[in-house]
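Working notes, structure below.
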Amino acid sequence: MGTGTGMEMVPEVKNPKIQNNQEFVMRDFINIENFVSDEDCQEYIDHFDDMHGDGYRRTDDDAPWFNDRVVCFTDTNPEIKKKLWQLSYSYSGVISNFYKEGPIYPETINICRWAEGDELGLHGDAKYYPNGEDNYVYWRSHSVVTFLNSDFSGGEFYFHTGHIIEPKWGSIVGFDSSVDHAHGVKKVTEGFRYTVAMWFTMDEKYRLF
Ligand SMILES: [Fe+2]
């Protein structure tokens, strides 16, 4: 695991648009521990492993490089689907309360596995970093990552501000999908890192259900 939640990994923020954004508050994100039970975390992990053991390939085949990393909501079994559906609506409520906006609808839900060597650079979920322009899923408004396990090394989640979130079994991090909350994942150095990634939208056109 990493070195705590200090500011020792502060990436340089070069974009004046971000630096001058008066609305941006350093701790303007959600981080809650023990949101999901150990049993549920293990069920999601087991389901991911079962699917891949059976040679799962994403139904949605436009991004084959995700095949070994992602199980889509639509491909999960009915029991897992129900749990994820309930979870997504509890997250919608948490986000609405925190950001004082809504209604917020689930848009995409994935169970993800990050293997040794996997990492992800700084990005906004709906905007490009650092210029803040719309990306190909610009309709996303909020994001929530659920950490399903802790028994791996590396893989810390970090914001461009330098805040680091240690992945802890059952904990969540939630934030708006703009470039103000640009974030990345440090390289996984040992083991598998499992998460449930959820994105939300305020545009009914793109709601998942
Ligand atoms: Fe992201």
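The values are calculated or read from the model by the stated rules, or taken from the named source; none is laboratory data. From a predicted model like this one, the values you see are computed outputs, not experimental measurements. Note that we place each Cβ from the backbone using ideal geometry, even for glycine, and neighbour counts take in every protein chain shown.
Things to note:
- Selection of segment 111-169 for residues being within 21 Å of Glu190 (Cα to Cα) and among the charged types (D, E, K, R) yields Arg113, Glu116, Asp118, Glu119, Asp151, Glu156, Glu166, Lys168.
- Residues satisfying the stated conditions in segment 177-202, i.e. within 16 Å of the ligand (Cβ to nearest atom), assigned to a strand (DSSP E or B) and either modelled with pLDDT under 95 or of a type in the set (S, T, N, Q) (or both): Thr195, Thr201
- Taking the criterion of being at positive phi and in contact (Cβ under 8 Å) with a residue 12 or more places away in the chain, the residues of segment 97-139 that qualify are Gly102, Gly117, Gly132.
- Residue count for segment 184-200, restricted to those that are out of contact with any helix residue (DSSP H, G or I) (no Cβ under 7 Å at 6 or more places or on another chain) and either under 20 Å from Pro106 (Cα atoms) or among the hydrophobic types (A, V, I, L, M, F, W, C) (or both): 6.
- The single condition among (1) buried (at least 21 other Cβ atoms within 10 Å of the Cβ); (2) within 17 Å of Thr201 (Cα to Cα) that Tyr136 does not satisfy is (1).
- The one condition in (1) away from the ligand (no atom under 16 Å from the Cβ); (2) closer than 17 Å to Phe29 by Cα that Ile172 fails to fulfil: (1)
- Any chance Thr74 is of a type outside the set (Lys, Arg) and touching a residue at least 24 places away in the same chain (Cβ under 8 Å): no
- In summary, Lys205 fulfils each of the numbered conditions (1) more than 16 Å from the ligand (Cβ to nearest atom); (2) of a type outside the set (Asp, Glu); (3) in a strand (DSSP E or B) with the single exception of condition (3).
- Number of the condition not met by His142 [criteria: (1) without any contact (Cβ under 8 Å) to a residue 60 or more places away in the chain; (2) closer than 17 Å to Arg113 by Cβ; (3) surrounded by 20 or more Cβ atoms within 10 Å (Cβ to Cβ)]: (2)
- Elements of type strands (runs of 3 or more DSSP E) in segment 27-140, at least 2 residues being closer than 16 Å to Arg193 by Cα and among the aliphatic types (A, V, I, L, M): 70-72
- The number of residues in segment 146-156 that are surrounded by fewer than 23 Cβ atoms within 10 Å (Cβ to Cβ) and either within 13 Å of the ligand (Cβ to nearest atom) or of a type in the set (Gly, Ala, Ser) (or both) comes to 3.
- Unmet criterion (only one of (1) of a type outside the set (Lys, Arg); (2) closer than 23 Å to His142 by Cα; (3) surrounded by fewer than 17 Cβ atoms within 10 Å (Cβ to Cβ)) for Pro78: (2)
- Considering residues of segment 111-145 that are over 22 Å from Trp85 (Cβ atoms) and hydroxyl-bearing (Ser, Thr, Tyr) only, the residue nearest to the ligand (Cβ to nearest atom): Tyr129
- Qualifying positions in segment 98-120 - closer than 20 Å to Glu204 by Cβ and out of contact with any Asp or Glu (no Cβ under 7 Å at 6 or more places or on another chain): Lys100, Glu101, Gly102, Pro103, Ile104, Pro106, Glu107, Thr108, Ile109
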